[in-house]
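Take a look at the structure set out below.
The values are calculated or read from the model by the stated rules, or taken from the named source; none is laboratory data. This is a predicted model, so every value here is computed, not measured. Don't worry about glycine lacking a Cβ; one is built from the backbone with ideal geometry, like all the others, and counts go over all protein chains shown. Ligands, DNA and RNA are stripped out before the accessible areas are found, and what is left, the full protein with its side chains, is counted by its heavy atoms. Shrake-Rupley method; radii C 1.70, N 1.55, O 1.52, S 1.80 Å.
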Amino acid sequence: MDYTVVIGLEVHVQLQTQSKIFCGCSAAYNPTQPNVQTCPVCLGLPGALPVMNRQAFELALKTALALNCEIASYTKWDRKQYYYPDLPKGYQISQYDCPFSKDGWLEIEMNAETGETRRIGIIRAHLEEDAGKNMHDESGGKTDSQVDLNRAGTPLLEIVSQPDLRSAAEARRYLEELRLLLTYLNVSDCNMQEGSLRCDANVNLHIHQDGKNIPTPIVEIKNLNSFRNVELAITCEIERQFEDWKATGRRLGDVPKETRGFDAQRGVTVGQRGKEEASDYRYFPDPDLAPVTVADELIEQLRSDLCEFPADRRKRLAVTWQLSDYDVRVIVDQGREFADYFEAAAQACGDGKQACNWLTQDILRELNERRLTIAQFPIRAEVLANLLGRIPARQITNKSAREVFLELLNDGGAGPITSSRIDEIIAARGLALVADTGALEQVITAVIDKNPKAVADFRGGKQAAVGALIGQVMREAKGADAQVVRELIIKALQSG
Amino acid sequence: MSPIGATTSELLAHMERGEFSSVALCEAAFDRIAACDDRVGAFLHVDREAALQQAAQVDDKRRRGAPLGRLAGLPVAVKDVICTRGQPTTCASKMLEGFTPPYDAHVVSKLREADAVIIGKTNLDEFAMGSSTENSAYKTTRNPWNLACTPGGSSGGSAAAVAAGMVPLSLGSDTGGSIRQPAGFCGLVGMKPTYGRISRYGLIAYASSLDQIGPFAHDVAGAALLLEVLAGHDPRDSTSLPMPVPSYTAALEEPLKGLKIGVAVEHFVAGLDREVEAAVRQALDVYRCLGAEIREISLPHSKYAVAVYYTIAPSEASSNLARYDGVHYGHRAAQFENMIDMYCASRGEGFGKEVKRRIMLGAYALSAGYYDAYYLKGLKVRRLIRNDFDAAFAQCDLIASPVAPTPAFKIGELVNDPLAMYLSDIYTLSANLAGLPGVSIPAGFSSGGLPIGLQLLGPPLAEDRLLRAARMHERATDWHTRRPEVV
Ligand SMILES: [Zn+2]
């Protein structure tokens, strides 16, 4: 039996604003001091009233524009009503039937080798306020629950995709691309551990049977908190639904929509108790907030202020620096600052390929090992470029440059690392290329004398024999350029 | 001269001349409260110490010649649905028993800036839901003109406090007539300004799109002065209007020339008390004598006002009151099995009957499958009601009508007949639905000695016009000078 997988993602993103969406409280992540970032408005105290934060609205607009969404000229706020301790007003201010944006798309790469891409539809993006956080302290048999309202009222953008995703890997790819775009736009830090990016997945199968497509019941998997878990949970759910189909033959409509959670430890999705009476949120327009009209001028201004998107940047870098699709993906996907670093280094040293190799290998390795971000990396792009520039200038070898690079990193000295430090290291370690061919020729002559067999082999037509000679010369003449050595040896052998 | 029952202008003049201190005034207020509030039941909470301390500070300022606010030294009572920092604010509900807000409502800050002295918090129908102040969880307020009668509601405590001479000024809130109807029942000037004219920040919401704070006073000048202090834009209330506030007191004595007063045919129909109708017609004669033209107008959709109001107001209320769930503040049941049970028990115990009735009405009207037929249709008819007024105000400057179909009714008379109680607001509801300003002014007495009010409604932001017209009538009559003998 064959089937098609149908997946849609609902993504919640906390927008990076100074203050909350309807009050002046700080929206900073602060789990260690509960309830300090609160006021009558976000505590839902009697008599307090919300006032819309323009910055949050503009960040949301910016994101929707980057997702190619249509922006509504008129939008309003609605109350979504349900009872939960982390929701102090008994309703969440959200957007129901007039979201500020709809009908967009995000392009994702389907195949890294062919570079084939596909547009994933966005049904809508709307703004709402985040809830607080319930904390259950069950240590020592305690049954008390506590509520932290620091997060209550943080601006949240909900982005709902079309059910266009066809595999768990594709869902992950979509989420990664979305995250990258959001961080490029600087609208969210998208920290999944801290909950600033949260994902729910709607999954079902279309079973192909007797020339028909039979949909299985749609399941919503809630609170997927890492890319890995998104992929894993969906994979497990696909399997479960297929087994369930084979066992019960249940199809869409036979059972109410189910909500499941993901148990990463056991690698299974688990049915959740239905939220009591959650089916009717009794949405209605919030009478405390005026509807919002969005002027075309604002949209145009925000559109013109948009930065280059990751997909466009990949294309541009590939053309400008003649890099492979794989290389530009590695660079761009690391985030905006990493790509900025690359461009600065490539421009300063004039060799994009070289800069790319160093960034994607040496620097990425060091960042991972040292748990640093590119912004925290002690060697700035212009210093790296200075180092790299010395290789084609034949001041040092590629190998010596790596030695200098590591030395710069291990320096740990005070103050920023400057290019003059490179000179110091080269001098101290004697890494300067031996440009004095007289000294080098002496070494070569000695090596040739000591290796009659290799010499005979070479003269007998075995070109490879020269390798052994180069190796010996390099060991004795530190800092020599292998290319120069090779040329000098061949010259010596041919003339000898 | 006794300060009891004196008007704001008289009291301010006395203080100015040094004949009374604010402390003396406030002490007189507390004496009056002590003497008769056990019978009237206007106050839920008084803070004698804080009030006298504040009064002393104002007296001190006055002695030093420091700049004084517009209400310097005047005792003011505040409806207990308005948040006062550090003072209990209960909405006359068990749900908020012992609740003390950590902040002042916008209007309370305005009172403090104007050097008014807040005497205490007045009784109301629980969460401002009612027309008689009988729905309070704590006490029943009685009409100072006849203790067997209600003072009206829901701002009955604020009205009774002024009528009984306990304070010269008070604040009420008006969602469907809750200032104008008690003002009418108690022989006072009571005003509901244009929606958005006074910030709702700190007014505990009943129905957000209808609620508006307003003043009670013995006379038009007092109401105008208090309105002037309270009105204005507040960035903390998104529905607050940004327009500048004119001086309502400055032009008060100037009569309006060529005034055209509209009278709606729909307002004089069966159910209107004979004596009330006579008083209103007499008031219209007064205006005619003052040179005004009386024009017949029509408000064809006014017959739907009660139905629309009891769809929209409960819908908003059902949502606004969801926050009282026993989790973060307010009443929490002592016994419960689990979380859902805690919600049910806390709300079941904390809310009174009328509040529950309206929450259920509203939750029903907003439910999936009913929303379009009730709430959405309500919004559409609300628009038609507003359109009626827009058309009417193309032909007249103001609309005059009764405030309520009858004078004050007896305590207990309507309390078990919610529909009859709802109909007592038939003349006042439309102004809230249309967002218009309205004022109730004393216009006579029934044969039983109960006050009868006249309502004047104006187009948006015509508060100045309303007050000047009210003052014209006031100058030509003496109804506003009478005071009840509270025995
Ligand atoms: Zn806040």
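A compact table of results
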read-out	value
For A:ARG79: the one exception among (1) more than 28 Å from the chain's Cα centre (by Cα); (2) away from the ligand (no atom under 16 Å from the Cβ); (3) open to solvent by 10 Å² or more (accessible area, probe 1.4 Å)	(3)
Residue among A:LEU252, A:LEU182 that is among the aliphatic types (A, V, I, L, M) and either open to solvent by less than 10 Å² (accessible area, probe 1.4 Å) or free of Cβ contacts under 8 Å to residues at least 24 places away in the same chain (or both)	A:LEU182
Boolean, B:GLY271 is on the phi > 0 side of the Ramachandran plot and either open to solvent by 20 Å² or more (accessible area, probe 1.4 Å) or not in a loop (DSSP other than H, G, I, E, B) (or both)	yes
Close pairs from region A:26-38: first within 14 Å of another protein chain (Cβ to nearest Cβ), partner acidic (Asp, Glu) and more than 12 Å from the ligand (Cβ to nearest atom), Cβ under 9 Å, at least 6 apart	A:PRO34/A:ASP148; A:ASN35/A:ASP148
Subset of region B:99-129 (residues that are open to solvent by 10 Å² or more (accessible area, probe 1.4 Å), part of a helix (DSSP H, G or I) and within 12 Å of chain A (Cβ to nearest Cβ))	B:HIS106
Options A:ASP164, A:ASP97; residue that is exposed (fewer than 13 other Cβ atoms within 10 Å of the Cβ) and either under 30 Å from A:ILE71 (Cβ atoms) or within 16 Å of the ligand (Cβ to nearest atom) (or both)	A:ASP97
Pair list, Cβ under 6 Å, 6 or more apart: region B:166-177 residue outside any strand (DSSP E or B), other residue among the acidic types (Asp, Glu)	B:THR175/B:ASP211; B:GLY176/B:ASP425; B:GLY177/B:ASP425
Count - residues of region A:278-300 that are more than 9 Å from chain B (Cβ to nearest Cβ), closer than 30 Å to B:ALA363 by Cβ and touching a strand residue (DSSP E or B) at 6+ places or on another chain (Cβ under 7 Å)	2
Whichever residue in region B:127-141 is over 14 Å from the mean Cα position of the chain (by Cα) and of a type outside the set (Val, Ile, Thr) and, among such residues, is nearest to B:VAL40 (Cα to Cα)	B:LYS139
Hits in region A:50-65 - residues which are away from the ligand (no atom under 11 Å from the Cβ) and either of a type outside the set (Phe, Trp, Tyr) or open to solvent by 50 Å² or more (accessible area, probe 1.4 Å) (or both)	A:MET52, A:ARG54, A:GLN55, A:ALA56, A:GLU58, A:LEU59, A:ALA60, A:LEU61, A:LYS62, A:THR63, A:ALA64, A:LEU65
Given (1) surrounded by fewer than 24 Cβ atoms within 10 Å (Cβ to Cβ); (2) part of a loop (DSSP other than H, G, I, E, B), number of the condition B:THR141 does not satisfy	(1)
Residue list for region B:408-467, restricted to those being outside any loop (DSSP other than H, G, I, E, B), open to solvent by less than 20 Å² (accessible area, probe 1.4 Å) and under 21 Å from B:ARG142 (Cβ atoms)	B:MET421, B:SER440, B:PRO442, B:PRO451, B:ILE452, B:GLY453
Output for region B:316-364, where each listed residue is more than 8 Å from chain A (Cβ to nearest Cβ), more than 25 Å from B:LEU210 (Cα to Cα), open to solvent by less than 60 Å² (accessible area, probe 1.4 Å) and not in a helix (DSSP H, G or I)	B:GLY326, B:HIS331, B:ALA333
Of all residues making up region A:1-49, the number that are in a strand (DSSP E or B), buried (at least 17 other Cβ atoms within 10 Å of the Cβ) and more than 10 Å from the ligand (Cβ to nearest atom)	10
Hits in region B:336-374 (condition: of a type in the set (Phe, Trp, Tyr), within 21 Å of B:ALA128 (Cβ to Cβ) and in contact with a helix residue (DSSP H, G or I) (Cβ under 7 Å, 6 or more places away or on another chain))	B:PHE351
Residue within region A:87-95 that is away from chain B (no Cβ under 14 Å) and touching a His at 6+ places or on another chain (Cβ under 9 Å) present	yes
Within region B:320-353, tally of residues that are more than 17 Å from B:LEU96 (Cα to Cα) and of a type in the set (S, T, N, Q)	2
So A:TRP321, is it over 30 Å from B:LYS377 (Cβ atoms), in contact with a Gly (Cβ under 6 Å, 6 or more places away or on another chain) and crowded, with 16+ Cβ neighbours inside 10 Å	yes
Members of region A:378-396 that are modelled with pLDDT under 85 and within 21 Å of A:ARG365 (Cβ to Cβ)	none
In region B:71-86, the residues that are open to solvent by 10 Å² or more (accessible area, probe 1.4 Å) and within 13 Å of chain A (Cβ to nearest Cβ)	B:ARG85
Qualifying residues in region B:232-244 (those that are open to solvent by 50 Å² or more (accessible area, probe 1.4 Å) and in contact (Cβ under 8 Å) with a residue 40 or more places away in the chain) - the one farthest from the other protein chains (Cβ to nearest Cβ)	B:MET243
One residue from B:ALA34, B:ALA66, B:ALA29, B:ALA24 being out of contact with any Asp or Glu (no Cβ under 7 Å at 6 or more places or on another chain) and buried (at least 22 other Cβ atoms within 10 Å of the Cβ)	B:ALA29
Flag for A:ALA125 being surrounded by 16 or more Cβ atoms within 10 Å (Cβ to Cβ), aliphatic (A, V, I, L, M) and in a loop (DSSP other than H, G, I, E, B)	no
Condition check for A:SER400: part of a helix (DSSP H, G or I) and open to solvent by less than 50 Å² (accessible area, probe 1.4 Å)	yes
Close pairs from region A:348-359: first more than 13 Å from A:LEU387 (Cβ to Cβ), partner of a type in the set (Ser, Thr, Tyr), Cβ under 6 Å, at least 6 apart	none
Tabulated pairs, region B:257-270, first more than 16 Å from B:ALA305 (Cα to Cα), second among the polar types (S, T, N, Q), C-beta under 9 angstrom, 6+ apart or interchain	B:LYS260/B:GLN395; B:GLY262/B:GLN395; B:VAL263/B:SER401
Filter result (open to solvent by 70 Å² or more (accessible area, probe 1.4 Å) and more than 19 Å from A:GLN395 (Cβ to Cβ)) within region A:461-494	A:LYS462, A:GLN463, A:ALA464, A:ARG475, A:GLU476, A:LYS491, A:GLN494
